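K.L.:
Please read through the structure below; I'll follow up with questions.
The values are calculated or read from the model by the stated rules, or taken from the named source; none is laboratory data. All figures in this text were calculated on a predicted structure; none of them were measured in a lab. Cβ: placed from backbone, ideal geometry, glycine included. Neighbour counts: every protein chain shown. We work out accessible area using only protein heavy atoms, side chains counted, and drop any ligands, DNA or RNA first. Shrake-Rupley method; radii C 1.70, N 1.55, O 1.52, S 1.80 Å.
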Amino acid sequence: MKENEGGIEMAALDGQVALVTGGSRGIGRATSIELAKHGAAVAVNYNVNKEAADATVKEITDAGGKAAAYQGDISNRDRINAMIDQIVADLGPIRVLINNAGATADRTLRNMTYEQWDRVIDVNINGTVNVTKKVWEIMGEAGGGHIVNVSSIVGEEGRLGLINYSTAKAGLLGFTKTAAREGARTKIHVNAVAPGFIDTDMIGGLNEEQRENLKKEVVLGRLGEPSEIANVIRFIVTEGTYMTGSVFNVNGGMYM
C-alpha cells in the first residue's frame with residue numbers, strides 16, 4: 001500500500017490498466033483477480049470461452065474491483081489491434097501486460113503435423129509479439145510499464161512429446177531478454193515467469209497415476225496452484241523497479 005497526498009492508503013496498482021491475455025482460466029484467471037485486488041483495472045482477454053471470462057470479471061467486480069472482458073485470438077493481428085484500441089478507449093492506457101495466452105498440441109516431432117506445429121508457434125510466439133508490439137508504443141507514451149511473459153519449465157529443460165510447446169516457451173525467454181534491453185529506454189520492464197507443473201486445465205485430463213508421477217519430479221512433492229504463479233507476477237509488476245530481463249522459476253524445485 002502507499003499513501004496519496006491526502007494520507008489515504010492506495011493500492012499499489014491504483015489508476016493502472018492491466019491486460020491479461022488468456023485471462024479467463026488457470027494462471028490467467030488467478031492473475032486477473034490478483035492484479036485487481038491490488039487496484040488495477042483489468043482487461044480480461046479470452047478467445048473462445050466467454051462464460052469463463054464473464055465469471056472472472058464478475059468475481060472481480062463483486063469484490064469491488066474493476067474489470068471487463070475482451071474477446072480476441074492473439075494470433076489474429078488485426079483483431080488484437082482492434083481489441084487493444086477498445087481497451088484503451090474504455091479503460092485508459094495499458095501500463096501492465098501479462099502475456100499468458102497459449103496453445104498446445106502435444107506430439108513428438110515424428111508424429112506432429114505441420115498444422116500442429118504452426119498453431120502452437122503462431123499463438124505462443126507470434127501472438128505474444130502481436131500483443132506486445134501494439135502495447136509497446138502505448139506504454140512508452142504513458143511513461144513506461146511492466147510486461148510479464150508466461151513461459152514454462154519445458155522451455156528451459158525440454159520435455160518428451162512437447163517439442164512445439166517447448167520450442168515456443170524457450171523462444172519467449174529470448175524475446176523477454178531482448179525486449180528488456182529495448183524497453184529500458186522508455187522505462188518498460190520486461191520479465192518472465194517459468195511455471196512448473198501447475199494444477200490447471202492443461203493437466204486436467206491426466207489420470208491419478210499420471211498426476212502422482214508428475215509430483216515425484218517436484219522437490220516439494222506437489223503440483224503448484226495458479227494463485228502461486230499469480231502472486232509472483234503481481235510481485236514483479238508492483239515491486240520490480242530494479243528487475244528486467246529476468247526469468248522467475250516457480251516450479252517447486254524442479255529446475256535449480
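K.L.:
So, in the stretch 18-40, how many residues would count as being buried (at least 24 other Cβ atoms within 10 Å of the Cβ), of a type outside the set (S, T, N, Q) and outside any helix (DSSP H, G or I)?
P.N.:
Adding up the residues that qualify gives 6.
K.L.:
Can you name the residue in the stretch 211-246 that is assigned to a loop (DSSP other than H, G, I, E, B) and open to solvent by 70 Å² or more (accessible area, probe 1.4 Å) and is also modelled with the lowest pLDDT among such residues? Quick ask: steps written out before the conclusion?
P.N.:
The first filter runs over the stretch 211-246 and keeps only residues assigned to a loop (DSSP other than H, G, I, E, B), leaving 217-223, 225, 240-246.
Those still in the list that are open to solvent by 70 Å² or more (accessible area, probe 1.4 Å) too: 217, 219-220, 222, 225, 241-242.
Working: Glu217: 86, Val219: 90, Leu220: 91, Arg222: 93, Glu225: 96, Thr241: 95, Tyr242: 97.
By that ranking, first place goes to Glu217.
K.L.:
Could you grab me the full set of residues in the stretch 165-196 that are among the polar types (S, T, N, Q), open to solvent by less than 30 Å² (accessible area, probe 1.4 Å) and closer than 15 Å to Val120 by Cβ? Walk me through it before giving the result.
P.N.:
If we filter the stretch 165-196 for residues that are among the polar types (S, T, N, Q), which is where we start, we get 166-167, 176, 178, 186, 191.
Still in the running and open to solvent by less than 30 Å² (accessible area, probe 1.4 Å): 166, 176, 191.
Once the filter is applied, which keeps residues that are among the polar types (S, T, N, Q), open to solvent by less than 30 Å² (accessible area, probe 1.4 Å) and closer than 15 Å to Val120 by Cβ, the stretch 165-196 yields only Ser166.
K.L.:
Which members of the stretch 130-187 meet the condition of being closer than 30 Å to Arg110 by Cα and among the aliphatic types (A, V, I, L, M)?
P.N.:
Here is the first cut: in the stretch 130-187, the residues closer than 30 Å to Arg110 by Cα are 130, 149-176.
Val150, Ile153, Val154, Leu160, Leu162, Ile163, Ala168, Ala170, Leu172, Leu173, listed by residue number.
K.L.:
Here's something else I'd like to know. Here are Asp85, Asp73: which of them is modelled with pLDDT of 95 or more, assigned to a helix (DSSP H, G or I) and surrounded by fewer than 20 Cβ atoms within 10 Å (Cβ to Cβ)?
P.N.:
Details: Asp73 fails: assigned to a helix (DSSP H, G or I).
None of the others qualify; the one that does is Asp85.
K.L.:
What number of residues within the stretch 188-207 satisfy the criterion of being touching a Leu at 6+ places or on another chain (Cβ under 6 Å) and modelled with pLDDT under 90?
P.N.:
Total meeting the criteria: 1.
K.L.:
Another question about this same structure. Which of the residues belonging to the stretch 247-256 are part of a loop (DSSP other than H, G, I, E, B) and closer than 12 Å to Ile198 by Cβ?
P.N.:
Applying the first criterion (part of a loop (DSSP other than H, G, I, E, B)) to the stretch 247-256 yields 251-256.
Those that are part of a loop (DSSP other than H, G, I, E, B) and closer than 12 Å to Ile198 by Cβ: Asn251, Gly252, Met254.
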